[in-house]
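Asks: Before I ask anything, let me first share the structure, which is written out below as structure tokens.
The values are calculated or read from the model by the stated rules, or taken from the named source; none is laboratory data. This one's a predicted model, so the numbers in the text were calculated from it and none came from an experiment. Here Cβ is always computed from backbone atoms with ideal geometry, including for glycine, and neighbour counts include all displayed protein chains.
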Amino acid sequence: MKKILMVAILILFTVTVASAKDIGISDDQVTQGEFKDFVKELGMALAFNPMAPAEPLGILGFDVAAEIMTSDISDNEEFWKKLVIDGSPYSYMPVTRLHALIGLPLNFDIGAMYGAVPDSNIKQWGVELKYAILDGTAATPALSVRGSYSQMNGVDDIDMNTLGLDVLISKGFLMFTPYGGVSAIRVDGSESSGYVNLDDVDETSLRGTIGLQVCPFPLFNINGEVSFGEIMQYGLKIGVRF
């Protein structure tokens, strides 16, 4: 796990010193419609993904991991070309994250993450709170609700945050735990560039998620996750869970 975290920290440090795909408003050519579409897609790409099954960790349980989430954005659209400073957005925008989740009494889990988009000025942080309505047994699935918040940092003239509400279900079989869920994601975005005077954007979108957690060895776990809605997202997580 130490090596995994060191690699993730190195990735996050690297993205702070390279900025070929910085986000920003550099002229007066961005329209209100383009800004709305941009906020919707970027917000969904940065929303705090579950990357864990519904079952609670239990008191003093923990889940610490390095993650990467890749989003299939509309890179051919003009709003991406205008709002990425060099005019060449990612085809699949990656977000690298460090993610920690801790178990609390009464079936609650609380977590936090820090992330960044490689080769850009986008950084982010987020928090989450999950409550397991059903713990799950050998015969029945676990069911939980999860609230999350994420905040984008590093972009001087655009402010963006997301609020998420998820319903998750999962059922473990030996070392495998498949899970799924539905989410409502609200994205709030505003600009303060000095080039344009655009209205704030507040958009809510639905997202579906399916995932699989695999624990091939004690403590060690690997997650694969796919989310679909406004954009398609593909995630991988490697870490320690107890």
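Asks: Going by the conditions given, is LEU98 outside any strand (DSSP E or B) and surrounded by fewer than 22 Cβ atoms within 10 Å (Cβ to Cβ)?
Replies: Working: outside any strand (DSSP E or B): no; surrounded by fewer than 22 Cβ atoms within 10 Å (Cβ to Cβ): yes.
No; evaluated as a whole, the condition is false for this residue.
Asks: Can you go through ASP188, ASP166 and tell me which one is within 17 Å of LEU83 (Cβ to Cβ) and of a type in the set (D, E, K, R)? I'd like the intermediate steps shown before the answer.
Replies: Working: ASP166 fails: within 17 Å of LEU83 (Cβ to Cβ).
After ruling out the rest, the residue left standing is ASP188.
Asks: Same structure, new question: Could you run through the range 186-219 and say how many residues are touching a residue at least 40 places away in the same chain (Cβ under 8 Å), under 15 Å from MET51 (Cβ atoms) and part of a strand (DSSP E or B)?
Replies: 4
Asks: For the range 211-224, state whether one or more residues are modelled with pLDDT of 95 or more, more than 27 Å from VAL64 (Cβ to Cβ) and among the aliphatic types (A, V, I, L, M).
Replies: no
Asks: Given the options LYS21, LYS3, name the one that is on the phi < 0 side of the Ramachandran plot, at pLDDT below 90 and in a loop (DSSP other than H, G, I, E, B).
Replies: LYS21
Asks: Tell me which residues, restricted to the range 169-185, are aliphatic (A, V, I, L, M), assigned to a strand (DSSP E or B) and under 18 Å from LEU57 (Cβ atoms).
Replies: Answer for the range 169-185, where residues must be aliphatic (A, V, I, L, M), assigned to a strand (DSSP E or B) and under 18 Å from LEU57 (Cβ atoms): just ILE169.
Asks: Here is a follow-up. Might you check whether a residue that is part of a loop (DSSP other than H, G, I, E, B) and surrounded by fewer than 22 Cβ atoms within 10 Å (Cβ to Cβ) occurs anywhere in the range 47-55?
Replies: No, the conditions are met nowhere in the range 47-55.
Asks: Then there is this: From the set of residues in the range 101-126 that are part of a strand (DSSP E or B), touching a residue at least 24 places away in the same chain (Cβ under 8 Å) and among the aliphatic types (A, V, I, L, M), which is nearest to SER74 (Cα to Cα)?
Replies: Let us first name the residues in the range 101-126 that are part of a strand (DSSP E or B), namely 101-103, 108-116, 123-126.
Now narrow it down to the ones that are touching a residue at least 24 places away in the same chain (Cβ under 8 Å): 101-103, 108-109, 111, 113-116, 123-126.
Now narrow it down to the ones that are among the aliphatic types (A, V, I, L, M): 101-102, 113, 116.
On the way: LEU101: 32, ILE102: 35, MET113: 26, ALA116: 19 Å.
Looking at the filtered set, the residue picked out is ALA116.
Asks: Now, a different point. Could you check PHE173 against (1) aromatic (Phe, Trp, Tyr); (2) modelled with pLDDT of 95 or more; (3) surrounded by fewer than 15 Cβ atoms within 10 Å (Cβ to Cβ) and say which number it fails?
Replies: Unmet condition: (2).
Asks: ASP166: in a strand (DSSP E or B), among the acidic types (Asp, Glu) and closer than 25 Å to PRO118 by Cα, yes or no?
Replies: Details: in a strand (DSSP E or B): yes; among the acidic types (Asp, Glu): yes; closer than 25 Å to PRO118 by Cα: no.
Considered against the rule, which asks whether it is in a strand (DSSP E or B), among the acidic types (Asp, Glu) and closer than 25 Å to PRO118 by Cα, ASP166 comes out as no.
Asks: Please go through the range 185-202 and give me each residue that is surrounded by fewer than 18 Cβ atoms within 10 Å (Cβ to Cβ) and at pLDDT 95 or above, ordered by number. Show your work before the answer.
Replies: So in the range 185-202, the residues surrounded by fewer than 18 Cβ atoms within 10 Å (Cβ to Cβ) come out as 186, 188, 190, 192-197, 199-200, 202.
Listed by number, the residues that qualify are ARG186, ASP188, SER190, ASP199, ASP200, ASP202.
Asks: Which members of the range 68-93 meet the condition of being part of a strand (DSSP E or B), in contact with an Asp or Glu (Cβ under 9 Å, 6 or more places away or on another chain) and not hydroxyl-bearing (Ser, Thr, Tyr)?
Replies: Filtering the range 68-93 down to residues part of a strand (DSSP E or B) leaves 68-72, 84, 92-93.
Okay, now just the ones that are also in contact with an Asp or Glu (Cβ under 9 Å, 6 or more places away or on another chain), so 69, 71, 84, 92-93.
Correct list: MET69, VAL84, MET93.
Asks: State the number of residues belonging to the range 138-154 that are assigned to a strand (DSSP E or B) and touching a residue at least 24 places away in the same chain (Cβ under 8 Å). Don't jump to the end; show me each part of the working.
Replies: The first filter runs over the range 138-154 and keeps only residues assigned to a strand (DSSP E or B), leaving 142-153.
Still in the list and also touching a residue at least 24 places away in the same chain (Cβ under 8 Å): 142-144, 146, 148-153.
Residues flagged as assigned to a strand (DSSP E or B) and touching a residue at least 24 places away in the same chain (Cβ under 8 Å) within the range 138-154 amount to 10.
Asks: Okay, moving on. Here are ASP135, ASP166: which of them is in contact (Cβ under 8 Å) with a residue 24 or more places away in the chain, out of contact with any helix residue (DSSP H, G or I) (no Cβ under 9 Å at 6 or more places or on another chain) and within 30 Å of GLY33 (Cα to Cα)? So that I can check it myself, show each step before the final result.
Replies: Details: ASP135 fails: within 30 Å of GLY33 (Cα to Cα).
The unique qualifying residue is ASP166.
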